[in-house]
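First the structure, in the form of structure tokens, and then the observations on it.
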Amino acid sequence: MIILPAIDIKDGKCVRLFKGDFSTVEQVAADYMETAKGFEAAGASWIHMVDLDGAKEGKPVNQKIYQDVAAKTNLKVEVGGGIRSLETIEQYLQSGVERVILGSAALKAPQLVKDSVEKFGSQHVAVGIDAKNGLVATEGWLEESDVDYITLTKEMMAVGVQYFIVTDISRDGTLSGVNMNLLSELVRATEGKCNIIASGGVHSIEDIRKCKELGLYGTICGKSIYKGTLDLKEAIELAEEVK
């Protein structure tokens, strides 16, 4: 399993939110590059980055930051937030970003997801499944839908998507532990035929252990690293242990 330390960007700053609420924005680090290099020094091979301004506005806002991290570190960069076109995806991938995340587009523009997988390859495209009470939320989590998260995952698998970032919004930034019920149900429903990355609520090394035992592809860690409840190096070592 891979560990993806996270940097969320708002107004050019490294921040975290509580349950996706923009009014709870908290700056958690002084410098994005220093933070990214710290992750790299701890042994991370990937970094998960979110353009919060982009998610809210529906277009990339802080793309220079992600391109900078891709160019100046050896980290594989995964980016989401406001990606709504093939042109934007191409710009990111050509600038060194390894994987883009399509969130709202999965629900509102499924053809874009299908086209992006066909054009760029499934290894470079992930779909963000952001769930609240089992239903998908979009537009930076500001809009709720009546679509079940398992239904959307299966629809995206049908068009070739292999990577899914699954977030329980009610736990994101809360340090209350990952939602194992939500993740377990998805693993069962997809029969292990896709790569699931857990996001939201990671608190301690025990969460990493649970995600690994479930057979997940990856786990995203954000606030737990910044608050010191999870040691990134220890998490990476546990995740990479041979079973």
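Where a number appears in this text, it was derived from the coordinates with a stated rule and is not lab data. Because the structure is a prediction, the values reported are computed rather than measured.
Things worth noting here:
- Shape class of region 193-243 from the Cα gyration tensor (axes a ≥ b ≥ c, square roots of the eigenvalues): oblate, since a/c reaches 1.5 or more and a/b does not exceed b/c.
- Computed from backbone phi with θ = phi - 60° and the Karplus coefficients 6.51, -1.76 and 1.60, the 3J(HN,Hα) list for region 144-157 is 9, 10, 10, 9, 6, 5, 6, 4, 5, 4, 5, 5, 6, 4 Hz; x is used for glycine and proline.
- Anisotropy class of region 1-109 from Cα gyration tensor, a/c 1.5 cut: oblate
- Taking 37 °C and 0.692 mPa s as conditions, region 103-181 diffuses translationally at an estimated 255 µm²/s according to Stokes-Einstein applied to its Kirkwood radius (Cα pairs).
- Cα gyration tensor shape of the chain, rounded if a/c is under 1.5, else prolate or oblate by comparing a/b with b/c: rounded
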